[in-house]
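Q: I have a structure I would like to understand better, so I am pasting it below and will then ask my questions one at a time.
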Amino acid sequence: MSVDYTIEPPVVHGRLSLAQIEEMVAKPLDTKPGKKFYIALSISGTFLMTGVVLLLITFYYGVGMWGNNQPVGWAFPIVNLVFWIGIGHAGTLISAILFLLRQKWRTGIARFAEAMTIFAVMCAALFPLIHVGRPWLAGYLMPYPNQHGMWVNFSSPLVWDVFAISTYFIVSLIFWYIGLIPDFATLRDRTTSKIKKTIYSLFSLGWRHSHRHWQHYEKTYTLLAGFATPLVLSVHTIISFDFAVSLVPGWHSTIFPPYFVAGAIFSGFAMVATVLILVRKIFDLQQIITLDHLEKMNKIILVTSMMVGLAYGTELFIAWYSGVTVEKFVFLNRAFGPYAWAYWIMISCNVLFPQLFWIRKIRRSIPIMMVIVILVNVGMWFERFVIIVVSLTRDFLPSSWGMYTPTLYDLGILLGSFGLFFTLVILFTKALPVISISEIKAVSDGAQPSYHRSEDYE
Amino acid sequence: MSNERKIYGIAALFTKPDDIIKAASKVANLGYSKWDVNTPYLLHGMDNAMKLKPSKIGFIALFMGLIGAATALSLAYFTNSIDFPLVIGGKPFFAFPAYIPVTFELTVLFATVSTVIAMLTIFFKFPSNNHVLHDTPYMKKVSLDRYGIVIESADPKFEQSKVEELLRSFGPESIETIYHKEEVKFPIFEPKFISFLILTAIAVSAGTYITLNKLMFMVPFNWMMYQDKIIPQSRTELFEDERGMRLPVEGTVAKGFIPYTYMGIDEPQEYLSNPLLPSIDNLKLGEKKYLTYCSPCHGNFGDGDSRLKGQFPNPPTIHSQRIRSFEDGRLYHIITIGKNIMPSYAAQISREERWAIVNYIRVLQKAKNSTASELEMIIKETGKNVAN
């Protein structure tokens, strides 16, 4: 007696057999990459190299090469840090929170989103390190008994950052690897090349699909998802503490944690969507990463867009309602001051354009969707710019106001971080299965046993 | 395949998830203990069919998570409240709310890492890349799209014919007997392996040496040590007298400066008189300063037994009749302007401290040169056994 209890459309389209699914996912690993792959890799590689060269010059001559100067000491590096960390959050959300909520549609995109988390956190972690100017001395950020007899200050949000980002990176990496183990085993058993087999065997650790293992495996996976969920919320909360705990008008605000987390999910989903649209096209994965999935993501983008919009509104309201002159000034300055253009880019890209997703046609149209999600990425970058840079340019004392202009080095290093991100993403698509083979098999039609009453086991 | 090889177990493959569930629950009901089901993905309902107990891995997560929280809190407490307390923004030394973020992060970190390590090593006994099942046709199939069940020969109820019959009764796609592999021995003392170890050791030590002793002193890594600025004691072209340090403008006097009238005179006609009483506080101060500034050359008790090991000529003992007969003011004078090769300590030691040192020298001199009758008197007066 097989009854479909869900009204959901099937996760995998086209009634593929398990072998066909595996074939489809593993194809990029078994075949030589096409021209498109090399073109994409060379573009992203060029960006990456630009960033690397500019960074080396910066290390040689010092951070004076950047636009950072009084009163804007935080500028681009911190804007980029917050931006990239935010991108990472979607991955954990998709893989952990949607897993706990038993959303089957996450399966097609989870692996990819997790990989993007890891790469985004790598990009993010880069920026505070280079912002200190001498990244090779960054070991001092860790509490260890040293010859100076000094310890880090555990009540400082910057030390919280160190713990939050490194924990987030380690946990994401482990979560990702745990998901990969059964896939490594499957790849090990299907490959014919001896070198590949050795590598896959090494990483599969000798997994043999035993149910006695699956049982603990699922428990662990659920536990990790349970840990990752509060973790992901805590990470952006702590990032927002960097600002909220200070006294700068425009930063000192209690809604920052939820506001930042919503923004992170928003920007992260936009980035995942951007990359997935390309990947499903390039690797012919339309049957596994279906339009339904993209539509669901667009719905989440719409929801989080409105949450972000609500936060913008609340900030304005509180600035007026609090009656604090400086607060009021900060928000007027954002909207009508010298950086008004950045503010309006932020408002239009983050709040206005995503409203188009109310229309079903647009939600399901790939080209329009692509434009909107890219705009969201732009808008979210400008949100951080507005919060960090614009607040710093004009605070309490008009005598210490100043303007900020990025230099070519700032822009080039930002470009370089995109290069790093996309290079890693492209290499990932070639090196590892972009979709969890064992999970996608498990949710395809007829893969699970039909319902059994417990007497059947007697 | 030779029959002499030991049987590991008998395996059957199925094409439908329902079949394997049925087979598994039958095998479980028959009371077999050493058997396993291999499926390409997690089959729901198999836990019940195999009659597996709920996984206990959650306890490890709980336990290690608590350890993580305790580690974070005690680390923050030890460092910021005990070992290196600093007032920051008026917060208390133990600012509990401020420690919550780090505590939370370490809880998650410890729980995650240890759960996974425990799962892989304790529960799975990984890595197990040379398990018998690997590289069998059976493994290749369950890795792809078949559902397999193996009953191991290690099971006490195992009987080859019986098990085969049982498995056949489930209507499997195929049945396979799996044999133990011939054991492969990897000798440790293989020249290749040894040379690999030696090369790694050399590479690691060379790398460490070069990074710590050479690289860190190269441009731009040393730019915090060598900066483009004039530092004290250095020569510079910038000023006419080529001194890196500037002299005070002529005629200016430092804050709190009182001129010392005997400057440059080796033995003045008369000396300043000691303004400090030899109170306990003053003597304690004198002892501290003497041990800091004078003892490296003069020795802890003024015997002239320098700790400088010949890097500086040994001074004479201060217990000589000559020095004992010095007036307080003369000792003060020596500290202030120095004596022959002994430099002046006026810059390091304040006036009051100098007098305190003089008082302490008197104590040292008295202690080493008192007569028996004097000692007796002290014992009487203080009730203490000074001789000890």
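The values are calculated or read from the model by the stated rules, or taken from the named source; none is laboratory data. Since this is a predicted model, take the numbers as computed values, not measurements. Glycine gets a Cβ as well: all are built from the backbone with ideal geometry, and neighbour counts include every protein chain shown. These area figures cover heavy atoms from the full protein model, side chains too; ligands, DNA and RNA do not enter into them. Shrake-Rupley method; radii C 1.70, N 1.55, O 1.52, S 1.80 Å.
Q: For the structure I just gave you, tell me whether B:L75 is over 31 Å from the mean Cα position of the chain (by Cα), of a type outside the set (K, R), open to solvent by 20 Å² or more (accessible area, probe 1.4 Å) and within 7 Å of chain A (Cβ to nearest Cβ).
A: Spelling it out, it is not the case that B:L75 is over 31 Å from the mean Cα position of the chain (by Cα), of a type outside the set (K, R), open to solvent by 20 Å² or more (accessible area, probe 1.4 Å) and within 7 Å of chain A (Cβ to nearest Cβ).
Matching residues to (1) in contact with a Pro (Cβ under 8 Å, 6 or more places away or on another chain); (2) buried (at least 16 other Cβ atoms within 10 Å of the Cβ); (3) more than 26 Å from A:H213 (Cα to Cα); (4) within 7 Å of chain A (Cβ to nearest Cβ):
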{"site": "B:N38", "(1), (2), (3), (4)": "no, yes, no, yes"}
{"site": "B:P54", "(1), (2), (3), (4)": "no, no, no, no"}
{"site": "B:M64", "(1), (2), (3), (4)": "no, yes, no, no"}
{"site": "B:G68", "(1), (2), (3), (4)": "no, yes, yes, no"}
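Residue-by-condition table, conditions (1) in a strand (DSSP E or B); (2) polar (S, T, N, Q); (3) in the same structural domain as B:M50 (by TED's automatic domain parsing):
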{"site": "B:Y138", "(1), (2), (3)": "no, no, yes"}
{"site": "B:K157", "(1), (2), (3)": "no, no, yes"}
{"site": "B:S161", "(1), (2), (3)": "no, yes, yes"}
{"site": "B:E164", "(1), (2), (3)": "no, no, yes"}
{"site": "B:I202", "(1), (2), (3)": "no, no, no"}
{"site": "B:A206", "(1), (2), (3)": "no, no, no"}
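Q: Kindly indicate whether any position in the range A:41-56 is closer than 20 Å to B:P40 by Cα and in a helix (DSSP H, G or I).
A: Checked against the condition, which is being closer than 20 Å to B:P40 by Cα and in a helix (DSSP H, G or I), the range A:41-56 yields no hits at all.
Q: Another one. Inspect the range B:187-204 for any residue being closer than 30 Å to B:I151 by Cβ, among the aliphatic types (A, V, I, L, M) and exposed (fewer than 10 other Cβ atoms within 10 Å of the Cβ) and give the result as yes or no.
A: Taking every residue of the range B:187-204 in turn, none turns out to be closer than 30 Å to B:I151 by Cβ, among the aliphatic types (A, V, I, L, M) and exposed (fewer than 10 other Cβ atoms within 10 Å of the Cβ).
Listed here are the residues, each with its yes/no results for (1) without any contact (Cβ under 8 Å) to a residue 12 or more places away in the chain; (2) more than 14 Å from chain B (Cβ to nearest Cβ); (3) in a helix (DSSP H, G or I); (4) within 17 Å of the chain's Cα centre (by Cα).
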residue: A:W341; (1), (2), (3), (4): yes, yes, yes, no
residue: A:S348; (1), (2), (3), (4): no, yes, yes, no
residue: A:K361; (1), (2), (3), (4): yes, yes, yes, no
residue: A:G379; (1), (2), (3), (4): no, yes, yes, yes
residue: A:E383; (1), (2), (3), (4): no, yes, yes, yes
residue: A:S399; (1), (2), (3), (4): yes, yes, yes, no
residue: A:L414; (1), (2), (3), (4): no, yes, yes, yes
residue: A:L424; (1), (2), (3), (4): no, yes, yes, yes
residue: A:P449; (1), (2), (3), (4): yes, no, no, no
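Q: I've got another one for you. Give the range B:25-36 a look and list any residue that's in a helix (DSSP H, G or I) and more than 8 Å from chain A (Cβ to nearest Cβ), or say none.
A: B:K26, B:V27
Q: For the range B:252-343, please list each of the helices (runs of 4 or more DSSP H) lying entirely inside it that holds at least 2 residues being open to solvent by 40 Å² or more (accessible area, probe 1.4 Å), aliphatic (A, V, I, L, M) and in the same structural domain as B:Q365 (by TED's automatic domain parsing).
A: In the range B:252-343, the matching helices (runs of 4 or more DSSP H) lie at B:280-289.
Q: Here's another thing I want to ask about it. Among the residues of the range A:357-379, what is the count of those that are open to solvent by 20 Å² or more (accessible area, probe 1.4 Å) and touching a Leu at 6+ places or on another chain (Cβ under 9 Å)?
A: 7
Q: So, one more: List the pairs whose first member sits in the range B:284-308 and is on the phi > 0 side of the Ramachandran plot, whose second member is aromatic (F, W, Y), and whose Cβ atoms are under 9 Å apart, counting only residues at least 6 apart or on separate chains?
A: Going by the 9 Å Cβ cut-off, the qualifying pairs are B:G302/B:Y290.
Q: A follow-up question, please. Under 8 Å between Cβ atoms, at least 6 apart or on separate chains: pull out the pairs that start in the range B:143-171 with a residue that is of a type in the set (G, A, S) and end on any residue that is open to solvent by 40 Å² or more (accessible area, probe 1.4 Å) and in a loop (DSSP other than H, G, I, E, B).
A: Note: pairs meeting the criteria are B:S153/B:K6; B:A154/B:K34.
Q: Something else: Tell me the residue from A:T117, A:T92 that is out of contact with any His (no Cβ under 9 Å at 6 or more places or on another chain), crowded, with 24+ Cβ neighbours inside 10 Å and assigned to a helix (DSSP H, G or I), please.
A: Unique residue meeting the criteria: A:T92.
Q: I'd like the full set of residues that are at the interface with chain B (Cβ under 7 Å from one of its Cβ atoms), closer than 20 Å to A:G268 by Cβ and open to solvent by less than 30 Å² (accessible area, probe 1.4 Å), limited to the range A:187-241.
A: Residues satisfying the conditions are A:L224, A:L231, A:S234, A:I238.
Q: While we're looking at this one, here's another question. Looking at the range A:134-161 only, could you name the residues that are without any contact (Cβ under 8 Å) to a residue 24 or more places away in the chain, under 20 Å from A:D242 (Cβ atoms) and part of a helix (DSSP H, G or I)?
A: Across the range A:134-161, the qualifying residues are A:A138, A:Y140, A:L141, A:V159.
Q: On to the next question. How about the range B:178-213: which of its residues are of a type in the set (K, R) and within 14 Å of chain A (Cβ to nearest Cβ)?
A: The one that is of a type in the set (K, R) and within 14 Å of chain A (Cβ to nearest Cβ): B:K181.
Q: It is to be established whether one or more residues within the range B:78-99 are of a type in the set (D, E, K, R) and more than 7 Å from every other protein chain (Cβ to nearest Cβ).
A: No, there is no match, as no residue in the range B:78-99 is of a type in the set (D, E, K, R) and more than 7 Å from every other protein chain (Cβ to nearest Cβ).
Q: So which of A:T167, A:T186 ends up being touching a residue at least 40 places away in the same chain (Cβ under 8 Å) and under 24 Å from A:V443 (Cα atoms)?
A: A:T186
Q: Take the range A:21-70 and flag every residue that is more than 30 Å from A:L392 (Cβ to Cβ) and polar (S, T, N, Q).
A: A:T31, A:S42, A:S44, A:T46
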